[in-house]
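Structure first, then comments.
The values are calculated or read from the model by the stated rules, or taken from the named source; none is laboratory data. Computed from a prediction, not measured in an experiment: that's the story for all the values here. Heads up, the Cβs are rebuilt from the backbone with ideal geometry, glycines too, and the neighbour counts pull from every protein chain shown. Quick note on the areas: whole protein, heavy atoms, side chains included, nothing else; ligands and nucleic acids left out. Shrake-Rupley method; radii C 1.70, N 1.55, O 1.52, S 1.80 Å.
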Amino acid sequence: MGGKGMMMVAILCLWALSATSEAVTEAEPGLMMNFYKDTCPQAEDIVREQVKLLYKRHKNTAFSWLRNIFHDCAVESCDASLLLDSTRRELGEKEHDRSFGLRNFRYIEEIKEALERECPGVVSCSDILVLSAREGIEAVGGPYIPLKTGRRDGLKSRTDMLESYLPDHNESISVVLDKFKSIGIDTPGLVALLGSHSVGRTHCVKLVHRLYPEVDPSLNPDHVPHMLHKCPDSIPDPKAVQYVRNDRGTPMVLDNNYYRNILDNKGLLLVDHQLAHDKRTRPIVKKMAKDQAYFFKEFTRAIQILSENNPLTGSKGEIRKQCNLANKNH
């Protein structure tokens, strides 16, 4: 065979290898409904049972599940990087200032242990985080949200990216809108996600700037005495249990009462106040205040988008043996 013929054969072989490689890559499974139906059929039932048991014992776990999905999935990838402990070289995401108030991580480990007993090395911590959020949302009266599974776990924390991705409660609504838009969540989705402030509580550290040295005039004056009673110090101890319930009317229920509150200037955080009064978000707030079904519809859609943000699937990442440690550190 001549030189040109040999070259043509070589090119065809390279093309065939490349095509085969691409086919293998395309064949790798991504996120799907009931991903574990063959490898661990009881996976989602186990998560559901564990979350219900923990909620019965510790009501505030439901709020933790909800915060976890936001703090993990909004930061570049839904990969359980939030759960990793700090190392000598790297501060873990959960130790960062933006993660202030996050807790109950030990209960994720309890769910992981239950799954490991049933199906060792099969279910990822990132899927546990997402599924526990779904069950936590339903436990506090929110909608049941169909969510895909099949995520794999990241290998390191993304602490250096938190400031870029996670909005701060003191940032302008424009910045908050832009940060959510960057991961595919539109304005109605943002307004719905902030409806999570319907449940749980806000530590005094996060809101005393609206009370001291002068009370923010935009606050409802009827609500101020309660806030001052709960937060009597202008410089509260961050380790002390000093907080205000986000919604005094239905504090343990995820509902649209939050929107009525912020329209009445009873929002605790600056972002709550801006949400109710910015021209881009106010019409949506008013609609959600009147129509809980609309709130739940947009909330469901936003959680689905959030949970599918740039996941690791197929051969990427790993299935951690323990959720707070990458396998190399196990």
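Let me know the shape class of segment 163-245, please: from the alpha-carbon gyration tensor, a ≥ b ≥ c as square roots of the eigenvalues, rounded when a/c is under 1.5, otherwise prolate if a/b is greater than b/c, or oblate. Prolate, because a/c is 1.5 or more and a/b exceeds b/c.
Computed from Cα positions, the angle between helix 61-73 and the longest principal axis of the chain comes to roughly 50 degrees.
Give the relative contact order (percent, whole number) for the chain; include only Cα pairs under 8 Å separated by 6+ residues. Dividing the mean separation by the residue count of the chain yields 25 percent. Here the extension length gained between SER218 and MET161 equals 17.3 nm, from 0.36 nm per residue of separation less the Cα-Cα distance.
Look at the dipole of the chain built from charges on Cβ: of HIS169, LEU207, MET32, the Cα furthest out on the positive end belongs to LEU207. Calculated mean residue ellipticity at 222 nm for the chain: -14000 deg cm²/dmol, from DSSP H runs with n ≥ 4 weighted as -39500 (n - 2.57), summed, divided by the residue count and rounded to 500. Only lysine pairs 8 or more places apart or on separate chains count here, and in segment 204-286 those with Cα atoms under 27 Å apart total 10. Cross-link partners of LYS37 among lysines, defined as those whose alpha carbon lies under 21 angstrom from its own and excluding same-chain residues fewer than eight positions apart: LYS112, LYS148, LYS316, LYS321.
Positive end of the dipole of the chain (Cβ unit charges, origin at the Cα centre): among VAL122, PRO311, ASN257, the Cα lying farthest that way belongs to ASN257. Of TYR294, TYR165, TYR144, the residue with the largest accessible area leads and the full order is TYR144, TYR165, TYR294 (1.4 Å probe). The angle between the Cα long axis of helix 105-118 and the longest principal axis of the Cα atoms of the chain comes to about 40 degrees, rounded to the nearest 10. Computed on segment 148-293, with alpha-carbon pairs under 8 angstrom and 6+ residues apart, the relative contact order is 28 percent.
With a ≥ b ≥ c taken as the square roots of the eigenvalues of the C-alpha gyration tensor of segment 222-304, please select rounded if a/c is under 1.5 and otherwise prolate if a/b is larger than b/c or oblate if it is not? It comes out prolate by the Cα gyration axes.
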